1. When only C-alpha pairs under 8 Å and at least 6 residues apart count, what is the relative contact order of segment A:6-126, in percent?
2. Take the alpha carbon gyration tensor of segment B:1-43, find the square roots of its eigenvalues, order them as a ≥ b ≥ c, and report rounded if a/c is under 1.5; if not, report prolate when a/b exceeds b/c, else oblate.
3. What does the charge count near residue B:24 come to, summing +1 for each Lys or Arg and -1 for each Asp or Glu among other residues with Cβ under 12 Å from its Cβ?
4. Of A:24/B:50; A:11/A:75; A:75/B:18; A:24/B:26; A:22/A:85; A:122/B:18, which sit over 20 Å apart, Cα to Cα?
5. Enter the angle in degrees (range 0 to 90, nearest 10) between the Cα long axis of helix B:41-54 and the first principal axis of the Cα atoms of chain B, meaning the one along which they spread out most.
6. Return the average number of partner chain Cβ atoms within 10 angstrom of each residue Cβ along peptide A:21-32.
7. At 37 °C and 0.692 mPa s, what whole-number value in µm²/s does Stokes-Einstein give for the translational diffusion of segment A:74-141, with Rh from the Kirkwood sum over Cα pairs?
8. Other chains near A:124-133: what is the mean number of their Cβ atoms within 10 Å of each residue's Cβ?
Amino acid sequence: MPILTEDVRNKVREELTKLPGKAKLVVFTQAFECEHCRENTSLAEEVAALSDQVDIEVYNFALDKEVVERYGVDKIPAIVVAGEKDYGIRFYGVPAGYEFTTLIEAIKIVSAGESGLAPKTKEALAGLKNPLHLQVLVTPT
Amino acid sequence: MVRADMVEATEFPHLVHKYNVFGVPKTVVNEVVQFEGALPEPLFLQQVMKATVEEG
């Protein structure tokens with residue numbers, strides 16, 4: 001039983017046909033003690049299936065330590081949305097509801113390699129001397 | 001230089017507790033700056049850059 005309805009799948013497919021470049025969903029999961037992991041992995045798989053430009057890799061959070069460390073993932077379920085390179089975008093928890101739209105937007109952004117931010121914002125961020133870690137806490141509705 | 005996490009609050013109650021989340025969206029930057037609500041880009045940037053000042 002798919003998570004996405006036929007209607008949503010069609011809309012997402014249409015959105016993703018315009019992707020200018022590759023995108024990759026790197027999913028971290030675990031079989032036990034992770035209530036939403038299975039749903040998260042299924043959702044990522046369903047999205048990846050809608051476009052040839054979107055690849056998916058699924059890793060075990062407990063066993064694939066090298067990859068977990070490489071992406072700096074500290075909790076699950078997690079999805080790293082990467083393009084030609086890792087832009088630092090992470091989704092923790094199932095991106096359902098409004099966050100599903102955010103996930104699709106993130107895929108489009110990394111695929112294009114263009115954030116869409118204002119020149120002034122880019123200028124300020126280009127001058128960063130220390131890393132920034134943003135955590136945006138949201139709810140699905 | 002920038003890492004951005006979307007965190008689904010209901011799945012990570014310990015973070016809701018840690019960051020005193022009463023409303024969403026709530027943004028936490030480098031553990032030193034916190035703000036609630038969706039801000040227009042210039043104001044969002046202003047808040048985010050505060051973290052670089054707070055850290056000296």
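Where a number appears in this text, it was derived from the coordinates with a stated rule and is not lab data. The shown structure was predicted, so the numbers you read here are calculated from the model rather than taken from an experiment. When we count neighbours, we look across all protein chains shown, and the Cβ atoms used for this are built from the backbone with ideal geometry, even at glycine.
1. Values: 174 pairs, mean separation 35.7, N = 121.
RCO, segment A:6-126: 30 percent.
2. On the way: a/c = 1.75, a/b = 1.41, b/c = 1.24.
Prolate is the answer for segment B:1-43, as a/c is 1.5 or above and a/b outweighs b/c.
3. -2
4. Numbers: A:24/B:50 32 Å; A:11/A:75 30 Å; A:75/B:18 15 Å; A:24/B:26 27 Å; A:22/A:85 10 Å; A:122/B:18 30 Å.
Beyond 20 Å between Cα atoms: A:24/B:50; A:11/A:75; A:24/B:26; A:122/B:18.
5. 80 degrees
6. Values: counts 0, 0, 0, 0, 0, 0, 0, 0, 0, 0, 0, 0.
Per-residue shielding by partner chains comes out at 0.
7. Details: Rh = 13.4 Å.
Stokes-Einstein gives a translational diffusion coefficient of 244 µm²/s.
8. Details: counts 6, 5, 1, 3, 6, 3, 6, 4, 12, 10.
Partner Cβ neighbours, averaged per residue: 6.
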